[in-house]
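Engineer: Got a structure for you, written out below as structure tokens; questions coming shortly.
The values are calculated or read from the model by the stated rules, or taken from the named source; none is laboratory data. Everything numeric in this text was worked out from a predicted model, so none of it was measured. As a convention, Cβ positions derive from the backbone with ideal geometry for all residues, glycine included, and neighbour counts pool all protein chains shown. SASA here: full protein model, heavy atoms, side chains in, ligands and nucleic acids out. Shrake-Rupley method; radii C 1.70, N 1.55, O 1.52, S 1.80 Å.
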2 protein chains.
Amino acid sequence: MTAPDILNVGHDCGACPIRHRAVCARCEADELQTLEQIKYYRSYQAGQTVIWSGDRMDFVASVVTGIATLTQTMEDGRRQMVGLLLPSDFVGRPGRQTAAYDVTATTDLVMCCFRKKPFEEMMSKTPHVAQRLLEMTLDELDAAREWMLLLGRKTAREKIASLLAIIARRDAHLKLKNAKGSTVFDLPLTREEMADYLGLTLETVSRQVSALKRDGVIVLEGKRHIVVPNFDRLMEETGDDSDGGMLV
Amino acid sequence: MTAPDILNVGHDCGACPIRHRAVCARCEADELQTLEQIKYYRSYQAGQTVIWSGDRMDFVASVVTGIATLTQTMEDGRRQMVGLLLPSDFVGRPGRQTAAYDVTATTDLVMCCFRKKPFEEMMSKTPHVAQRLLEMTLDELDAAREWMLLLGRKTAREKIASLLAIIARRDAHLKLKNAKGSTVFDLPLTREEMADYLGLTLETVSRQVSALKRDGVIVLEGKRHIVVPNFDRLMEETGDDSDGGMLV
DNA sequence: TCGGCGCTTTGACCTAAATCAAACTGAAAG
DNA sequence: CTTTCAGTTTGATTTAGGTCAAAGCGCCGA
């Protein structure tokens with residue numbers, strides 16, 4: 001029904017192209033106008049909390065630039081990241097009153113927000129918007145289930161390799177092929193954030209990153225800049241099926 | 001927009017009340033008729049595979065009776081359950097060609113299926129169906145993220161307690177309060193299935209169930225019948241916030 | 001130029017859960 | 001009534017990853 005590349009076929013119309021591409025690739029002019037009317041931007045500094053779990057959340061939004069995380073925290077402080085939001089990702093729960101997770105800006109962040117009430121009204125009048133949102137939510141559910149396999153069954157080394165592969169693949173903006181065909185990118189997360197993503201401690205993350213470096217799977221330039229000389233080699237370390245990670 | 005108890009306000013109309021309640025609480029007569037026309041039932045025996053990951057899946061369905069699981073398997077056999085389907089749960093991916101996970105009947109299973117093509121057509125004509133499905137998918141996403149916290153950060157004992165609490169709460173059909181206020185239910189999973197749910201080995205599951213029994217948190221009658229004398233006591237063992245598990 | 005302070009690395013040690021192995025239980029089949 | 005066998009329990013041992021502790025490394029601001 002909806003082409004998988006719909007994210008990339010959007011018309012740029014106004015100040016928030018990503019947003020429109022993300023949700024409204026098939027919007028007609030009047031719907032785009034509605035969106036224009038109810039949208040606004042918010043900026044956050046690195047480290048700032050966007051919203052706390054349980055707080056009233058009267059908007060939905062998409063990330064324009066920067067990175068945000070969704071995390072859950074237990075009473076004694078154990079933390080688990082449950083979502084990683086890169087540019088063009090959607091956040092918000094149409095039909096829900098409150099936030100279910102802490103949302104935090106891990107880098108400087110700009111979000112394009114839409115007041116929830118009018119957004120929901122538009123949704124109920126425009127079937128393909130609800131369908132598009134369903135589509136995106138199913139994608140997130142797939143990602144969450146892939147993540148569950150990682151958390152439940154992968155070794156620390158496999159977890160690290162998987163995370164590097166995910167970031168390298170998903171964050172197309174940062175991903176580059178240099179002359180020799182290496183994949184190059186900057187880690188947008190601290191060791192602690194990686195640990196919260198992977199269900200590890202930051203020490204274990206550090207050790208396994210060092211091990212991958214020692215074994216030549218990655219080259220570290222500084223603490224954050226990663227060079228992957230051979231992406232297939234990295235993929236072998238993830239423990240995933242070798243069919244290129246195609247979600248079948 | 002949608003009342004949270006919508007699952008319980010449905011009209012019983014014909015042979016598949018659960019199905020209609022799950023997706024069509026607000027359907028008008030002609031939509032129900034459409035559903036009646038495209039629905040059919042399938043039965044599976046305990047242990048049978050409903051569909052393999054990667055197979056073409058040309059239906060969506062809801063569980064009528066019995067229990068099904070979604071699992072992912074790594075090349076070397078490590079398995080992680082990523083979904084547990086109880087009666088009234090929905091399975092299927094509108095807009096997707098193929099199954100993303102193995103779906104297996106863990107007990108005898110009856111599903112009410114709808115051919116995907118006409119179902120999708122109805123969806124695009126009937127905004128509230130797409131919205132309802134979005135609603136349900138968001139619920140699943142919440143459950144998946146709760147599950148991620150469990151997999152990433154909980155101890156074996158907390159995992160077991162959490163699973164028992166989830167089953168006791170979620171499977172309202174099996175849940176009973178007896179004279180003394182105990183919660184009583186039958187475990188619908190083997191130790192191995194519990195292990196695949198929790199990211200543990202079956203031996204660890206067995207040991208921790210024994211430990212909870214030794215400590216009086218649960219009483220075991222046979223291998224499968226569980227009595228929880230004090231549900232709050234069980235909840236304390238889960239590591240979850242004490243506010244009754246309300247998803248805020 | 002120098003502290004100071006996040007962030008990271010590395011080392012020594014410990015422990016929760018995995019692994020390996022054996023025995024037990026109970027229901028179904030003969 | 002016995003056998004069988006899937007599912008389960010329990011014990012002994014190992015190990016991956018956690019915990020605690022101490023440096024190391026930039027980078028920013030004074």
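Engineer: Suppose we filter the stretch B:70-107 for residues that are among the hydroxyl-bearing types (Ser, Thr, Tyr) and in contact (Cβ under 8 Å) with a residue 60 or more places away in the chain; how many remain?
Structural biologist: 4
Engineer: For A:Asp241, only one of the following conditions fails: (1) within 14 Å of DNA strand D (Cβ to nearest atom); (2) over 14 Å from A:Leu164 (Cβ atoms); (3) within 14 Å of chain B (Cβ to nearest Cβ). What is its number?
Structural biologist: Among (1) within 14 Å of DNA strand D (Cβ to nearest atom); (2) over 14 Å from A:Leu164 (Cβ atoms); (3) within 14 Å of chain B (Cβ to nearest Cβ), A:Asp241 violates only (1).
Engineer: For B:Ala46, work out the one condition from (1) modelled with pLDDT under 95; (2) in a strand (DSSP E or B) it doesn't fulfil.
Structural biologist: Status for B:Ala46: all satisfied but (2).
Engineer: A further question follows. Looking for whichever is at pLDDT below 95, of a type in the set (A, V, I, L, M, F, W, C) and farther than 21 Å from B:Asp142 by Cα here; the options are A:Val9, A:Val91, A:Val60. Which one fits?
Structural biologist: A:Val9
Engineer: In addition: For the stretch A:80-103, indicate whether the set of residues that are in a strand (DSSP E or B), open to solvent by 30 Å² or more (accessible area, probe 1.4 Å) and within 8 Å of another protein chain (Cβ to nearest Cβ) is non-empty.
Structural biologist: The answer is yes, given that some residue of the stretch A:80-103 is in a strand (DSSP E or B), open to solvent by 30 Å² or more (accessible area, probe 1.4 Å) and within 8 Å of another protein chain (Cβ to nearest Cβ).
Engineer: Anything in the stretch B:40-56 that is over 13 Å from B:Arg93 (Cα atoms) and of a type outside the set (A, V, I, L, M)? List them, or say none.
Structural biologist: Answer for the stretch B:40-56, where residues must be over 13 Å from B:Arg93 (Cα atoms) and of a type outside the set (A, V, I, L, M): B:Tyr40, B:Tyr41, B:Arg42, B:Ser43, B:Tyr44, B:Gln45, B:Gly47, B:Gln48, B:Thr49, B:Trp52.
Engineer: Among the numbered conditions (1) without any contact (Cβ under 8 Å) to a residue 24 or more places away in the chain; (2) under 25 Å from B:Ala99 (Cβ atoms), tell me where A:Ser124 comes up short.
Structural biologist: (2)
Each row is one residue, and each column tells you yes or no for (1) under 18 Å from B:Glu237 (Cα atoms); (2) in the same structural domain as B:Val82 (by TED's automatic domain parsing); (3) modelled with pLDDT of 95 or more; (4) open to solvent by less than 10 Å² (accessible area, probe 1.4 Å).
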{"position": "B:Ser162", "(1), (2), (3), (4)": "yes, no, yes, yes"}
{"position": "B:Ala168", "(1), (2), (3), (4)": "yes, no, no, yes"}
{"position": "B:Lys175", "(1), (2), (3), (4)": "no, no, no, no"}
{"position": "B:Lys180", "(1), (2), (3), (4)": "no, no, no, no"}
{"position": "B:Thr183", "(1), (2), (3), (4)": "yes, no, no, yes"}
{"position": "B:Met194", "(1), (2), (3), (4)": "yes, no, yes, yes"}
{"position": "B:Leu198", "(1), (2), (3), (4)": "yes, no, yes, yes"}
{"position": "B:Thr201", "(1), (2), (3), (4)": "no, no, yes, no"}
{"position": "B:Val209", "(1), (2), (3), (4)": "yes, no, yes, yes"}
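Engineer: Identify, by number, the condition in (1) buried (at least 20 other Cβ atoms within 10 Å of the Cβ); (2) modelled with pLDDT of 90 or more; (3) more than 13 Å from the chain's Cα centre (by Cα) that A:Lys39 doesn't meet.
Structural biologist: Unmet condition: (2).
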